[in-house]
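What follows is a short report on a single structure.
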Amino acid sequence: MKWYLDFGHGGKDPGALGSNNTKESNTVLKIGMLVKSKLEKHSEKVITTRESDTCYSLEYRTNKANKNSCDYFISIHMNSSTNKTAKGTETWVYDSSSKVYNLAKKLSSNLSTNLKTPNRGVKESKKFSVLKNTKMPALLIEIDFISNPEIESLCANESYIKNVADTIASTLLSFVGKDIVLTDDIIEPKLYKVCIGAFKNKSNATRIKNEAISKGFKDTYII
């Protein structure tokens, strides 16, 4: 499967701004690049609009997706409102009867559950250029309201960013028949060895070994 991941805004267009000037463009870039990595680890092909803080036109985004004959177009955004208490996740599609509607519905549900935020559901719009001018099924995700100080503070939290990315990636994979649990790479703990002493007489070494064992150091050896 070939996915087109569109990270909203960028460069001179920061998108929505939080009260502490957290940029939507930077937040969705961090999330999106993690989604890309997770999809690629499961043999999915991924094309992106940008992989740095760069501004591209809406026409560029849809043209690139169409030129690369992508199977799905996923645009990732943060929402904003003059109501600072507004919160919740929502997804947008061009047509509620489209092939991608069920994916949008699942994304809204999974993000709502995993982020513990209200599910604002799937909405339909004929106005979004990225939904109207793409040749493949397309949807737009509004993860949550960066205008809400609570959500804005979460955007600086790596575990929150990872949770969002994991949820999006696992939902996309499940939609195409790859029910995979995304986990961090397992890092084996380091093993440190301590030498208690060096003795010419083995009996002294044995005595120290036995003392160590009596103090709880069971894996004690003479070498």
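The values are calculated or read from the model by the stated rules, or taken from the named source; none is laboratory data. Here the structure is a predicted model, which means the values were calculated and not measured. All Cβ positions, glycine included, derive from the backbone under ideal geometry; neighbour counts span all protein chains shown.
Taken together, the residues in region 20-47 that are farther than 18 Å from ASP166 by Cβ and β-branched (Val, Ile, Thr) amount to 2. Without any contact (Cβ under 8 Å) to a residue 60 or more places away in the chain, under 24 Å from ASP13 (Cα atoms) and not β-branched (Val, Ile, Thr), is that true of LEU115? Answer is no for this residue. ALA212 falls short of the stated requirement of being within 30 Å of GLU24 (Cβ to Cβ), surrounded by 10 or more Cβ atoms within 10 Å (Cβ to Cβ) and modelled with pLDDT of 70 or more.
Within this structure, ILE74 fails the test of being assigned to a helix (DSSP H, G or I), of a type outside the set (Lys, Arg), within 14 Å of ALA169 (Cα to Cα) and in contact (Cβ under 8 Å) with a residue 40 or more places away in the chain. Being of a type outside the set (Gly, Ala, Ser), surrounded by fewer than 22 Cβ atoms within 10 Å (Cβ to Cβ) and either touching a residue at least 60 places away in the same chain (Cβ under 8 Å) or assigned to a strand (DSSP E or B) (or both) holds for only one residue in LYS84, LYS36, LYS99, and it is LYS84. When ILE196, ILE161 are checked against the criterion of being surrounded by 12 or more Cβ atoms within 10 Å (Cβ to Cβ) and modelled with pLDDT under 95, ILE196 stands alone in meeting it. Annotation: of all residues in region 114-134 being under 24 Å from the mean Cα position of the chain (by Cα) and part of a loop (DSSP other than H, G, I, E, B), the one that is surrounded by the most Cβ atoms within 10 Å (Cβ to Cβ) is THR134. Restricting attention to region 15-27, which residues are surrounded by fewer than 17 Cβ atoms within 10 Å (Cβ to Cβ) and either part of a loop (DSSP other than H, G, I, E, B) or on the phi > 0 side of the Ramachandran plot (or both)? Those that are surrounded by fewer than 17 Cβ atoms within 10 Å (Cβ to Cβ) and either part of a loop (DSSP other than H, G, I, E, B) or on the phi > 0 side of the Ramachandran plot (or both): SER19, ASN20, ASN21. Under the condition of being exposed (fewer than 15 other Cβ atoms within 10 Å of the Cβ) and touching an Asp or Glu at 6+ places or on another chain (Cβ under 9 Å), the residues counted in region 46-67 number 1.
Checked against the criterion of being under 19 Å from ALA169 (Cβ atoms) and at pLDDT 95 or above, the candidates GLU24, GLU59, GLU40 yield just one match: GLU40.
As a summary of the residue check, ALA156 satisfies the conditions (1) at pLDDT 95 or above; (2) assigned to a helix (DSSP H, G or I) except for the one numbered (2).
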